[in-house]
Each structure stands twice: as C-alpha cells, then as structure tokens.
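This report refers to the structure that appears directly beneath it.
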Amino acid sequence: MSTTTPVLEGRDLTKHFWVKKGRGPLARRVPVNAVDRVSVRLDAGKVTAVVGESGAGKTTVARLLARIIKPDAGQVLLDGRPAPSGRPRSYAAQVQMVFQDPFASLNPVHRVRHHLIRPLQIHHMANGGVDAAVADLLRRVSLKPPDNFTGKFPYELSGGQRQRVAIARALAVRPRVLIADEPVSMLDVSIRLGVLNLLADLRDKEKLAILYVTHDIASARYLADTIVVMYAGQLVESASSVSLTDSPAHPYTQLLLAAAPDPDRTEPPHIEDRGAPPSLSAPPSGCRFHPRCPFAMDICKRQVPPSITVSPGHTAACWLHVDPAQRQASENGLLVTAGEPLHKESKKR
Ligand SMILES: Nc1ncnc2c1ncn2[C@@H]1O[C@H](COP(=O)(O)OP(=O)(O)O)[C@@H](O)[C@H]1O
Ligand code: SF4
Ligand SMILES: [Mg+2]
C-alpha cells in the first residue's frame, strides 16, 4: 500500500439512520447502522472500488466522503487535513460525484450545453470562453465532434452518452476526486465497458482519484487498483485488485467471486442461495456474516473478528485467519478481540 498521503481518506466512518418501525402507538424509531467504522483511501491516479451487495452501505460511504451527509463518528481528510464541515464550494470543486441514473441527474428541459455551462460559471472555470470549455469537456468524455452534442436534450442521447455528459459536468470544476456510485449499472451491458474505459482514462491521463462503487466484483476487478469489500455496513476485506480477486481471504468475497459471471460456467450459482444480507437495525452478533458463512465457527457468533493482515497490503476480518490457539484464548477471554475495530490494520497503511 502507498505511503504517500491520500488525496481523500475516510477514517473510521460510522453512520446511523433513524427509521420508523411498526405502526400506530407501537411505532418507534430505531437506528440503522448503515456504516460501521469504515476506513478507505483514495489516491491520485488510482481507482478504489467499494464492492458489496445492495444494502451493504456503499452509497452511504460515498455520500460521507462527498460530505453530502455527516458521519456520526470518524473523519474525512482531504490531503491529510480534516475536510471542512458541510460541503462548501471549495470542497465540491475538488470532490465531485457521478450517480447511478444519468437520466435522473440531468434536467430533461435543458440541453447538454446548459448542463456544462452552469458549473463552469458557478466555479469561474471558463476563462478561455465558455463554448471552448464546453467543447473541451465533451472531447474529454469522447463525445465527438462536440457540436453534435451541445444542442441535444438528455432524451436525445443514449444512456451511455448521458452518463458521459454527467461525467463531463463533474469534470467541469476540475476536481481531483471523482466518486462514481454504480455509474454503469443502469446502462446496457454493451456500453458499460466504454464508460469504464473512460473512467480508466481519466485516472491514467488526468490522475484523478476515483471511488468506484459497485455491486459487481467483476467490473471492480477490471477497473480498480484497490478493492474494499463491504458486508452489512462493515469493511470485511481490502487489498489490491489482483490480490483480492486471485486470493480472496474472506468467505464473503469468495462467495461474491463465485457468483460473478464466468463464461466457462453454464449455471452460475446465485449468492441468494446462501440467504440474504441481515437487517442493519439488528445485525447479527459477532461476525455479521456468520448466518450465511459456510465456515462459521462458534466464536464467529460471539465475537467480532479482528482485521488480519493475510499478506502485505491485504487484510481480512475473519476468524479463519487467526491462529487456532489465539482463537481459543480469545474464546476464553484471555485476549481482547471482541469489539476490536475491523480496520485495525488499515490504520497502519
Ligand atoms: N437516508 C436513509 N434513511 C434511512 N436508511 C437509510 C438511508 N440511506 C441508507 N439507508 C439504509 O442504510 C443501509 C445501507 O444503504 P446504502 O448505503 O444505500 O447501501 P448500498 O449502496 O450498498 O446498497 C440500508 O439498510 C439502507 O436502507
Ligand atoms: S469470521 Fe467466521 S463467520 Fe465470519 S467470515 Fe470468518 S469464518 Fe465466516
Ligand atoms: Mg447504493
């Protein structure tokens, strides 16, 4: 793992949402522990993927890093310094978001040119002339020739072209960080690769630090330099993309990979066959994955697994990687492991 200061870093991020449960006089508000002590770093010229099933807390992590919502605990650091509170313009200019649904994120009554001019004007970014700046943005997202696109309405574009416009709009303020939340999951399979390649280009040519949020571990393997896997609000495994996908250390990551599309397999297994993710208002005790884990042991039900470095830069929060003698000692209360933060090792990176 890199020893340089990350452009953007989330440390021990924790977020609860309060939701109403029940009806009438019995209704009460209960906390949903959407994100629990998650640490993640974004480096210039690198893509970090956050992978997990629906409800794992991925979007909440993305929104916390973008400062759209406030953490209950933990910190967001920009260039190693605490990020300003809220999302002031100076922060928004550096950290931009791209959302899942490009149709919803573009105003249907405005043409492409309008969508791109607004951020340029708000952030005073078009010194060389607005039209030239708009054309440059469209070229950077491979919408060429730009004149073919500036006058179009969102409905006149394909899904992929719309997402490229949304990315161009994010680029208008010259951000250093792009947070892309499931940016291809609503696009036709045939055009996903093009948008992923655009993100790879922005990483390589413009040295953007990119957070790529996805439920699809195969696309994370294709695009990302580093992958962090989330399960039920917690970070369960983190490693370089190659190490994580070639040698997954956490049973949940193994399950995700086993369920990923594989051209050599005729009947892909369904991850749902092993049950559904738990409710985050009453998550399972110990390892949150234990009700679905094929390797669950007694200790898994009782004690939170510590984060173990399984190889350099590769951590997994799983009792399987704890020496059996230490596991036994922990069961007997001789070692303090219960409740230890899952990101213990990530602090050392
Ligand atoms: N604004 C909110 N209010 C209440 N609960 C929320 C809110 N946003 C997210 N959640 C809950 O937090 C959990 C994590 O959600 P989310 O971050 O959207 O997961 P993912 O993006 O991985 O699907 C889910 O249980 C979801 O229902
Ligand atoms: S800690 Fe136990 S239940 Fe959790 S993933 Fe590891 S073996 Fe499975
Ligand atoms: Mg989401």
>> Quick test for you: out of SER311, SER307, SER285, pick the one residue that is under 19 Å from GLY57 (Cα atoms), more than 8 Å from ligand 2 (Cβ to nearest atom) and open to solvent by 20 Å² or more (accessible area, probe 1.4 Å).
In response: SER285
>> Given the options ALA104, ALA34, ALA73, name the one that is within 16 Å of ligand 3 (Cβ to nearest atom) and in the same structural domain as ASP204 (by TED's automatic domain parsing).
In response: ALA34
> Within the stretch 159-198, can you find the residues that are of a type in the set (S, T, N, Q) and under 18 Å from the mean Cα position of the chain (by Cα)?
Replying inline: GLN163, SER185, ASN197
> So which of TYR222, TYR212, TYR155 ends up being open to solvent by 40 Å² or more (accessible area, probe 1.4 Å), of a type in the set (Ser, Thr, Tyr) and within 18 Å of the chain's Cα centre (by Cα)?
Replying inline: TYR222
>> Please determine whether any residue of the stretch 41-51 is β-branched (Val, Ile, Thr), at negative phi and within 16 Å of ligand 2 (Cβ to nearest atom).
In response: yes
>> Condition first: of a type in the set (D, E, K, R), within 16 Å of ligand 1 (Cβ to nearest atom) and touching a residue at least 12 places away in the same chain (Cβ under 8 Å). Now tell me which residues in the stretch 1-24 satisfy that.
In response: LYS15, LYS21
>> Given (1) modelled with pLDDT of 95 or more; (2) open to solvent by 40 Å² or more (accessible area, probe 1.4 Å); (3) outside any strand (DSSP E or B), identify the lone condition not met by ALA249.
In response: (2)
> If you go through the stretch 116-129 one residue at a time, do you hit one that is modelled with pLDDT of 95 or more and either within 16 Å of ligand 3 (Cβ to nearest atom) or part of a loop (DSSP other than H, G, I, E, B) (or both)?
Replying inline: no
> Quick one: ARG118 ticks every box in (1) within 29 Å of the chain's Cα centre (by Cα); (2) open to solvent by less than 60 Å² (accessible area, probe 1.4 Å) bar one, so which box is it?
Replying inline: (2)
> Which residues, taken from the stretch 295-315, are aliphatic (A, V, I, L, M) and either without any contact (Cβ under 8 Å) to a residue 12 or more places away in the chain or within 19 Å of THR3 (Cβ to Cβ) (or both)?
Replying inline: ALA296
> In the set ALA168, ALA180, ALA132, which member is surrounded by fewer than 14 Cβ atoms within 10 Å (Cβ to Cβ) and either at positive phi or of a type in the set (A, V, I, L, M, F, W, C) (or both)?
Replying inline: ALA132
>> Given the criterion in contact with a helix residue (DSSP H, G or I) (Cβ under 7 Å, 6 or more places away or on another chain) and within 16 Å of ligand 1 (Cβ to nearest atom), identify the matching residue among THR226, THR214.
In response: THR214
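The values are calculated or read from the model by the stated rules, or taken from the named source; none is laboratory data. The structure displayed is predicted, hence computed values, not measured ones. All Cβ positions, even for glycine, are placed from backbone atoms using ideal geometry, and neighbour counts span all protein chains on display. When the accessible area is computed, the model is the full protein with side chains, heavy atoms only, and any ligands, DNA or RNA have been set aside. Shrake-Rupley method; radii C 1.70, N 1.55, O 1.52, S 1.80 Å.
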